[in-house]
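Inspection log for the structure reproduced underneath, given as structure tokens.
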Amino acid sequence: MKPVAPVTLALHGIRLEPLAPHHAKGLRAAASDGQLWTLRVTSVPAPHEVDGYIFKAYEMRGSRLAFAVVDAVTGTVLGSTSYHDIVPAIGRLEIGYTWYAASRQRTHVNTTCKLLLLTHAFDTLGAALVGLRTDIFNHASQAAIERLGAKKDGVLRHHAMRRDGTVRDTVMYSISAGEWPEIKAQLQYRLARHGGS
């Protein structure tokens, strides 16, 4: 697998830009759309935590590449997503740290972002497998991952700390390079059917 380097990706009016300090104001507004930081099954930063969130993403470069999700027409920041747990030696990475403003959830935004990230991972970087994970109680996220066509690998019990101090079980999913062509075709079909919306 090729090294994962900062890149800007765009499709259907959505642009993924490497997360940077100038995205902070937009991230605060996106997180405030639905007060997403109050949800116990996500890791969305509260408005006062955004600068630290961006700094931590910078610190993790090498094992994580964070993106701002941007409306290409208006420049509005809609949320964030990342490649993470990048292991070039075995051609594996994960897509996660994903969240969107409440008003953009259940729209074409997530499908477009996943198509961009998966296409780059498999077709450009040459990944053998892309993983996705979520909290066992985040049923909306599990449904979204399953709609992508990812296979459920299992559950890692007592795996990670939530912001409220409880410990979550993590549901693991993956897509292999062999499964990617059919999943890609399905994602493209879904977006075309809805006119990219």
Original post:
For residues in the range 148-167 being open to solvent by 60 Å² or more (accessible area, probe 1.4 Å) and charged (D, E, K, R), which is farthest from residue 127 (Cα to Cα)?
Top reply: 164
Original post:
Regarding residue 170, is this residue surrounded by 15 or more Cβ atoms within 10 Å (Cβ to Cβ) and in contact (Cβ under 8 Å) with a residue 40 or more places away in the chain?
Top reply: no
**OP:** Looking only at the range 137-148, decide whether some residue is farther than 20 Å from residue 10 by Cβ, of a type in the set (Val, Ile, Thr) and more than 14 Å from the chain's Cα centre (by Cα).
**Re:** no
Subject >> Members of the range 55-108 found to be within 21 Å of residue 35 (Cβ to Cβ) and among the acidic types (Asp, Glu), listed by number >> reply: 71
Original post:
Which one of 186, 142 is free of Cβ contacts under 8 Å to residues at least 60 places away in the same chain, over 30 Å from residue 5 (Cβ atoms) and among the polar types (S, T, N, Q)?
Top reply: 142
Original post:
Does at least one position in the range 42-51 carry a residue that is within 20 Å of residue 161 (Cα to Cα), of a type in the set (Val, Ile, Thr), out of contact with any Lys or Arg (no Cβ under 8 Å at 6 or more places or on another chain) and at pLDDT below 95?
Top reply: yes
Original post:
Within the range 175-187, is even one residue open to solvent by less than 10 Å² (accessible area, probe 1.4 Å) and closer than 23 Å to residue 70 by Cα?
Top reply: yes
Original post:
Which is polar (S, T, N, Q) and touching a helix residue (DSSP H, G or I) at 6+ places or on another chain (Cβ under 9 Å), of 74, 124, 107, 119?
Top reply: 119
Subject >> Residue match in the range 109-130 (condition: over 24 Å from residue 183 (Cα atoms) and more than 14 Å from the chain's Cα centre (by Cα)) >> reply: no
Original post:
Can we say residue 101 is farther than 24 Å from residue 166 by Cβ, buried (at least 21 other Cβ atoms within 10 Å of the Cβ) and among the small types (Gly, Ala, Ser)?
Top reply: yes
Subject >> Only one of 34, 79, 62 that is touching a helix residue (DSSP H, G or I) at 6+ places or on another chain (Cβ under 7 Å) and at pLDDT below 95 >> reply: 34
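The values are calculated or read from the model by the stated rules, or taken from the named source; none is laboratory data. Here the structure is a predicted model, which means the values were calculated and not measured. Note that we place each Cβ from the backbone using ideal geometry, even for glycine, and neighbour counts take in every protein chain shown. Please note that ligands, DNA and RNA were not included when accessible areas were found on the heavy atoms of the full protein model with its side chains. Shrake-Rupley method; radii C 1.70, N 1.55, O 1.52, S 1.80 Å.
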